[in-house]
Amino acid sequence: MGLEIQSDHAHSHTAKSVWTDSLASDMDNLTVSELIGAKRHFAPVQSWFDSWAFGTPSVYPLILVGDSGVGKSTVARAYAQRAGFDILDTHADAQRDVKHFNRVFSEARNRTFFGENRCLIVEDAGAISAKAWKSFDDVISAKAFPLVIIAQHESEVGWRYRKSGLVHEIPAPTSSDKVQLLNSICPDHSPEQIWWIAENSSSWRSAKHLAATTPSDFIDPNVNPSERTRFGHDEVSGILSGQYQSKELSSHPLAFINAAEWNGGNPEHVCEAMRLHSLAWVVDGLSKVSMAYISTLRADTQHKPPFRKRNLRGSDRRW
């Protein structure tokens with residue numbers, strides 16, 4: 001997703017991305033809050049980077065996998081910058097032999113002129129030769145700096161590196177997520193055109209490219225006008241009132257459950273929704289069933305529940 005000048009050397013730069021929810025012309029200062037999508041998909045990445053504040057993490061390196069254009073590198077850069085690291089990266093268009101990686105690793109071990117620790121992002125793992133991979137052995141054993149490996153599939157990274165690391169998949173964006181992006185970068189397109197682009201693209205990158213090549217007056221006669229996509233409490237209230245239906249809900253499941261309980265929804269339905277949500281953490285495939293059931297919750301009113309602070313017994317920490 002980044003737009004940067006490439007060379008045969010790893011280099012430090014500020015990531016550029018259109019993966020944001022604003023129309024700001026300056027896309028250099030990418031922040032975590034600008035990422036679109038369910039934050040639960042990014043939680044392992046955040047946790048891994050945050051753990052460096054307390055020493056070297058027990059799992060190393062971080063391996064992000066997913067289809068091309070889903071934002072693997074963007075997510076890595078956003079959380080690395082949030083954690084205060086200066087970013088180095090290396091791509092497949094470089095002459096990446098053992099000598100190249102040894103030079104990159106040496107640079108990553110050293111702090112910047114301003115005293116910042118560095119994070120190395122290795123792109124295109126599938127394009128690294130078996131001989132070049134051997135140069136990773138000492139680095140992974142030493143864990144001297146944050147190392148993020150980007151791959152389309154985990155099989156592109158050898159088992160001896162995966163077994164000690166954190167492998168996390170960045171999923172493809174939902175249609176609702178792509179609509180949110182497209183609404184911000186395509187002000188001249190109609191809601192029907194926005195939805196058509198979202199439905200006919202498979203990633204952030206393909207959505208952006210399709211939007212750039214779709215005339216603003218293009219109309220597909222096979223596309224029916226769709227209701228605007230809702231987000232946040234607007235989405236929650238729409239579901240509880242029965243006035244909004246979506247195959248892909250973007251809000252957290254507990255947002256719907258808490259709102260249904262607060263607004264006097266059927267207690268049996270609320271309890272069943274909570275039960276399914278709790279089991280979805282341990283039963284594969286139950287998450288979709290849980291969300292489908294949650295989308296059937298109804299309440300006569302749709303007020304937003306107040307923020308409630310509570311103390312954990314035996315602790316001064318507030319939640």
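The values are calculated or read from the model by the stated rules, or taken from the named source; none is laboratory data. Just so we're clear, the structure is a prediction, and the values are computed from it rather than from any experiment. Here Cβ is always computed from backbone atoms with ideal geometry, including for glycine, and neighbour counts include all displayed protein chains.
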Within segment 113-125, residues of a type outside the set (A, V, I, L, M) and surrounded by 13 or more Cβ atoms within 10 Å (Cβ to Cβ) come out as E116, N117, R118, C119, E123, D124
Is there a residue in segment 239-259 that is of a type in the set (K, R) and under 20 Å from D177 (Cα atoms)? yes
Return the total of residues in segment 50-84 being part of a loop (DSSP other than H, G, I, E, B) and within 14 Å of W204 (Cβ to Cβ). 6
Checking Q193 against (1) surrounded by fewer than 19 Cβ atoms within 10 Å (Cβ to Cβ); (2) of a type in the set (S, T, N, Q); (3) out of contact with any helix residue (DSSP H, G or I) (no Cβ under 8 Å at 6 or more places or on another chain), which single condition isn't satisfied? (1)
Looking at S250, is it of a type in the set (S, T, N, Q), at pLDDT below 90 and crowded, with 18+ Cβ neighbours inside 10 Å? yes
Complete set of residues in segment 253-273 that are more than 25 Å from the chain's Cα centre (by Cα) and part of a helix (DSSP H, G or I): A259, A260, E261, W262, P267, E268, H269, V270, C271, E272, A273
Tabulated pairs, segment 31-59, first farther than 25 Å from K163 by Cβ and in the same structural domain as F145 (by TED's automatic domain parsing), second assigned to a helix (DSSP H, G or I) and of a type in the set (D, E), C-beta under 9 angstrom, 6+ apart or interchain: I36/D177; G37/D177; A38/D177
Considering segment 152-190 alone, what residues qualify as being aliphatic (A, V, I, L, M), within 21 Å of F218 (Cβ to Cβ) and modelled with pLDDT of 90 or more? V179, L182
Hey, R160 hits all of (1) buried (at least 17 other Cβ atoms within 10 Å of the Cβ); (2) part of a helix (DSSP H, G or I) but one; which does it fall short on? (1)
Provide a single number: the residues in segment 85-104 that are assigned to a loop (DSSP other than H, G, I, E, B) and more than 19 Å from the chain's Cα centre (by Cα). 7
Options S251, S164; residue that is among the polar types (S, T, N, Q) and touching a residue at least 60 places away in the same chain (Cβ under 8 Å): S164
Of the residues in segment 44-85, those that are of a type in the set (D, E, K, R) and crowded, with 20+ Cβ neighbours inside 10 Å come to K72, R77
Scanning segment 105-155 for residues that are among the aromatic types (F, W, Y) and not in a loop (DSSP other than H, G, I, E, B) gives F105, W133, F136
I want to confirm something. Restricting to segment 131-152 and keeping residues that are under 21 Å from Y79 (Cα atoms), touching an Asp or Glu at 6+ places or on another chain (Cβ under 9 Å) and not β-branched (V, I, T), which single residue is surrounded by the fewest Cβ atoms within 10 Å (Cβ to Cβ)? Q152
Counting only residues that are over 18 Å from the mean Cα position of the chain (by Cα) and under 30 Å from D137 (Cβ atoms), which one in segment 163-190 is surrounded by the most Cβ atoms within 10 Å (Cβ to Cβ)? G165
Is it the case that segment 14-31 has a residue that's out of contact with any strand residue (DSSP E or B) (no Cβ under 9 Å at 6 or more places or on another chain), over 26 Å from S155 (Cβ atoms), modelled with pLDDT of 75 or more and in a helix (DSSP H, G or I)? no
Of the numbered conditions (1) in contact with a strand residue (DSSP E or B) (Cβ under 8 Å, 6 or more places away or on another chain); (2) farther than 15 Å from P61 by Cβ, T174 satisfies every one except a single condition; which is it? (1)
